[in-house]
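Worksheet: the structure to be examined is printed underneath.
The values are calculated or read from the model by the stated rules, or taken from the named source; none is laboratory data. Predicted model, so just to flag it, every value in this text is computed and none were measured. For neighbour counting, all protein chains shown are included, and Cβ atoms are generated from backbone atoms with ideal geometry for every residue, glycine included. All accessible areas refer to the heavy atoms of the entire protein, side chains included, with ligands and DNA or RNA removed. Shrake-Rupley method; radii C 1.70, N 1.55, O 1.52, S 1.80 Å.
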Amino acid sequence: MKTPGRTPVIDLLRTAPGVDVTAKGWVRTKRGNKNVAFVALNDGSCVHNIQLVFDMTHFSEEELKHVTTGACICVQGTLVASQGSGQAVEIAAKKIELYGVADPESYPLQKKGHSMEFLREIGHLRPRTNTFGCVLRIRHAMAYAIHHYFHQNGFFYLHSPIITASDAEGAGALFQVTTLDLNQPPRNEGGEIDYGQDFFGRHASLTVSGQLEGELAAMALGNVYTFGPTFRAENSNTPRHLAEFWMIEPEMAFYEIKDNMDLAEDFIKYLVRYALEHCMDDLRFLNDMFDKELIQRLEQVCATQFVRLSYTEGIDILMKSGQKFEFPVSWGVDLQSEHERYLVETHFKKPVILTDYPKEIKAFYMKQNEDGKTVRAMDVLFPKIGEIIGGSQREERYDVLLARIHELGMEMDSLWWYLDTRRFGTAPHSGFGLGFERLLLFVTGMSNIRDVIPFPRTPKSADF
Ligand code: ATP
Ligand code: MN
């Protein structure tokens, strides 16, 4: 279907001159003199602007007075070959309609090169900058590519719930969901809050992961994936954590850990290649403005085989590195971003998949190895980011899983349904979680996760 009433700029720039066209969009800049005015118009369809040329013998100063940075206009004119060097075509304007003014005294986006911190303060307007236009278009392309990849490989999209009553997933702190009156919650005899009277008849929260539900579906459909919002109330103000983020979680019946690694590597490479093939204009802009090695880094990831090694080998390398880390390393510690990045950026200079972590630092559902100490976990570690994927082969043996749940003193009554997968037709299976915004950090080269999601939710911040 054609865009009604106008031609998007992305299409105008590919059209041969000589036709009458209508363009609608927001003014980026205006310059000129008494005889001619040049307006750069952007409509978000691509990073490029279309140049509008106003012959001032046909327009009054009054007509163009409010055509200032940020204003929204509709222009009719003829597409002509451009005299200037920046573009192939431009619009010789014949008629202009002003949709919305943007008072230069108060419109905050007057100049180029605002800091990312400043733009976060005007998060409601930052989509109008080139940078966020690029990021949001790439975000869209990646979401599309994710569905495409799975669809093409026979995976089914599973909508896992956002509200859940299983507090046992252990992936992070929970946001409660309640309709109880916080000033006067009902209490039982012992004085504890009586969640039996709450909306769901029990304590409920926002999901930290769709994995457990994904496992249920994988035991029926074979290969599934979830792709939805995920919530963690960790008070971690880092450039890699959000309180609300999106996660992609494939879950596959009959996959062993090696198959899981192969899928993770193929999947990420597909997405990066997709960005290189479909988002080059936006990538080039980000490459030139923020990160001169961005495109090269993306190409490298597609071309290299990821290193695969065990946690134990990784710890060995870190201990022998002679490097001073803020958090000291020994067998058994959870790896920090500084350790992950040392392995990836300094030691191997390639993405790394680390496997077989100590069971104490990993979740209860991971398959235990024969050594009694490690589990079949796999984390994919990336340059500039650290952990981008966390996954594992799942413990499919009922007795072993139950013993582990008891060992950890976990509450059983919210997990009975999960255990039923192991009681009825259990199967070897695996899966992983890719943080969508971590992927976008890598693909866009942005350095703060707040800048790759339209409306970031972080501690003390949920305004817009
Ligand atoms: P980290 O150690 O970096 O905090 P995690 O081990 O808690 O992450 P997992 O539970 O393994 O994370 O979640 C799977 C993936 O989800 C991670 O590899 C990461 O890409 C992403 N992720 C996890 N927590 C966050 C968060 N708070 N904000 C954004 N992405 C996240
Ligand atoms: Mn993890």
Per the filter on segment 313-365, residues over 24 Å from the mean Cα position of the chain (by Cα), over 24 Å from Ile405 (Cα atoms) and either part of a loop (DSSP other than H, G, I, E, B) or of a type in the set (Ser, Thr, Tyr) (or both) are Ser321, Gly322, Gln323, Lys324, Phe325, Glu326, Phe327, Pro328, Val329, Ser330, Thr346
Suppose we filter Thr207, Thr178, Thr226, Thr230 for residues that are over 21 Å from Leu441 (Cβ atoms), within 22 Å of the chain's Cα centre (by Cα), of a type in the set (Ser, Thr, Tyr) and surrounded by 14 or more Cβ atoms within 10 Å (Cβ to Cβ); which single one remains?
Thr207
Can you tell me which residue within segment 387-438, out of those that are farther than 29 Å from Ile453 by Cβ and among the small types (Gly, Ala, Ser), is farthest from ligand 1 (Cβ to nearest atom)?
Gly425
Out of the residues in segment 345-358 that are in contact (Cβ under 8 Å) with a residue 40 or more places away in the chain and not hydroxyl-bearing (Ser, Thr, Tyr), state the one that is farthest from Lys373 (Cα to Cα).
Lys350
So which residues in segment 366-399 are open to solvent by 30 Å² or more (accessible area, probe 1.4 Å) and either in contact (Cβ under 8 Å) with a residue 60 or more places away in the chain or within 13 Å of ligand 2 (Cβ to nearest atom) (or both)?
Arg376, Lys384, Glu387
Tell me, please, whether a residue that is in contact with a Leu (Cβ under 7 Å, 6 or more places away or on another chain), without any contact (Cβ under 8 Å) to a residue 40 or more places away in the chain and crowded, with 17+ Cβ neighbours inside 10 Å can be found in segment 111-130.
yes
Pair list, Cβ under 6 Å, 6 or more apart: segment 184-212 residue part of a loop (DSSP other than H, G, I, E, B), other residue hydroxyl-bearing (Ser, Thr, Tyr) and away from ligand 1 (no atom under 16 Å from the Cβ)
Asp198/Thr178; Phe199/Thr179; Arg202/Tyr195; His203/Tyr195
Anything in segment 302-312 that is in a helix (DSSP H, G or I) and in contact with a Phe, Trp or Tyr (Cβ under 8 Å, 6 or more places away or on another chain)? List them, or say none.
Tyr311, Thr312
Condition (residue is within 14 Å of Lys95 (Cβ to Cβ), of a type outside the set (A, V, I, L, M) and crowded, with 16+ Cβ neighbours inside 10 Å) applied to segment 36-50: is it met by at least one residue?
no
Take Glu277 and decide whether it is open to solvent by 10 Å² or more (accessible area, probe 1.4 Å), within 11 Å of ligand 1 (Cβ to nearest atom) and charged (D, E, K, R).
no
Against the definition (more than 16 Å from ligand 2 (Cβ to nearest atom) and β-branched (Val, Ile, Thr)), how does Ile405 come out, yes or no?
yes
